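The next block holds one structure in the form of structure tokens; read it before the comments.
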């Protein structure tokens, strides 16, 4: 396993910041997922071992299937007009931005953080990081998850003696969820060395898997059935897409996280290499992209839907109606017909 993925000068600069910090805040992206919450919890727990008072603040509620994790009850939701999150952020000596590559991915929370003077440390694995937004960037686009990036950072800082079952459990959850149960983005063999090391701390991998993937509501399962029934297959483009309006989603008593993973299902269809899932909310349309092979959904999302991510997993947004967003997608995909056929 490589000794370090990070520039030594960044590690030393970060080490110096840790030695003087008394208070820290950890923030992550809008609609936090398992990697965002797992990495945030692991980082907060590690900082507390160093006697740094640490608070996690997220832009909006996160999925119920992550609420079993130790420390999750102390996470604060950032809401406009609520004084406590702003006070804690303003008092922090260090600001940690995890599982995001730009402040814009936190919406209003990111705008507030941009007004603060405390050093900002990014811990992430997405492509094309906006380095100007951060004081120090620990970015490893080759990592399967931000949790993996954090693990390597803990190792580089010689903090492994502070790693315990609770931190190992949070890191494992981040890696497991961002790889969809180790099925995607696990090309680097050291990922499995990390998993082997985490298991030595006594975590129960089967219990974690069940807590995340076997705890859905019946409404979520019915929504999935409805979404798959609405799926449109475009065989000439080796593509399938699903688009849901906010009224359709609300009719199934939607809770945060209920549509998690929906975008992966169309890729189970023979010869489909590109999958798109659109879900409307009160502000815009959130779009998830997944692909197989060398078709870059990161480039597609950046070019057409103000987004980005990884080669085979990315996200974007649209501020049109659902019908207009679908029409825009169908127009955009025409120029990729030959590229998709070659995957």
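Considering the stretch 312-342, and only residues there that are free of Cβ contacts under 8 Å to residues at least 40 places away in the same chain and touching a helix residue (DSSP H, G or I) at 6+ places or on another chain (Cβ under 6 Å), the residue that is surrounded by the fewest Cβ atoms within 10 Å (Cβ to Cβ) turns out to be 332.
Taking first residues from the stretch 180-205 that are free of Cβ contacts under 8 Å to residues at least 60 places away in the same chain and in the same structural domain as residue 165 (by TED's automatic domain parsing) and partners that are part of a loop (DSSP other than H, G, I, E, B) and buried (at least 17 other Cβ atoms within 10 Å of the Cβ), the Cβ contacts under 6 Å between residues at least 6 apart in sequence or on separate chains come to 186/144; 186/179; 191/144. Considering only residues that are under 20 Å from residue 308 (Cα atoms) and in a loop (DSSP other than H, G, I, E, B), which ones fall in the stretch 258-287? Matches in the stretch 258-287: 259, 260, 261, 273, 281, 283, 284. Just one of the listed residues (99, 93, 133) is touching a strand residue (DSSP E or B) at 6+ places or on another chain (Cβ under 9 Å) and surrounded by 22 or more Cβ atoms within 10 Å (Cβ to Cβ), and it is 99.
A single member of 150, 109, 127 is more than 18 Å from residue 90 (Cα to Cα), in contact with a strand residue (DSSP E or B) (Cβ under 7 Å, 6 or more places away or on another chain) and in a helix (DSSP H, G or I), and it is 150. Given the structure, is residue 305 in the same structural domain as residue 224 (by TED's automatic domain parsing), touching a strand residue (DSSP E or B) at 6+ places or on another chain (Cβ under 9 Å) and free of Cβ contacts under 8 Å to residues at least 60 places away in the same chain? In short, yes. I need a count of the residues in the stretch 7-29 that are touching a helix residue (DSSP H, G or I) at 6+ places or on another chain (Cβ under 6 Å) and either part of a loop (DSSP other than H, G, I, E, B) or loosely packed, with under 15 Cβ neighbours inside 10 Å (or both). The total comes to 2.
Of 260, 236, all but one fail to be modelled with pLDDT under 95 and outside the structural domain of residue 37 (by TED's automatic domain parsing); the exception is 260. Among the candidates 263, 273, the residue that is in contact (Cβ under 8 Å) with a residue 40 or more places away in the chain and surrounded by 15 or more Cβ atoms within 10 Å (Cβ to Cβ) is uniquely 273. Of all residues in the stretch 222-233, those satisfying the criterion of being part of a helix (DSSP H, G or I) and either outside the structural domain of residue 337 (by TED's automatic domain parsing) or crowded, with 16+ Cβ neighbours inside 10 Å (or both) are 223, 224, 227.
The values are calculated or read from the model by the stated rules, or taken from the named source; none is laboratory data. Keep in mind the model is a prediction, meaning the values are calculated, not measured. Because the Cβ atoms are built from the backbone with ideal geometry, glycine has one as well, and the counts that use them run over all protein chains shown.
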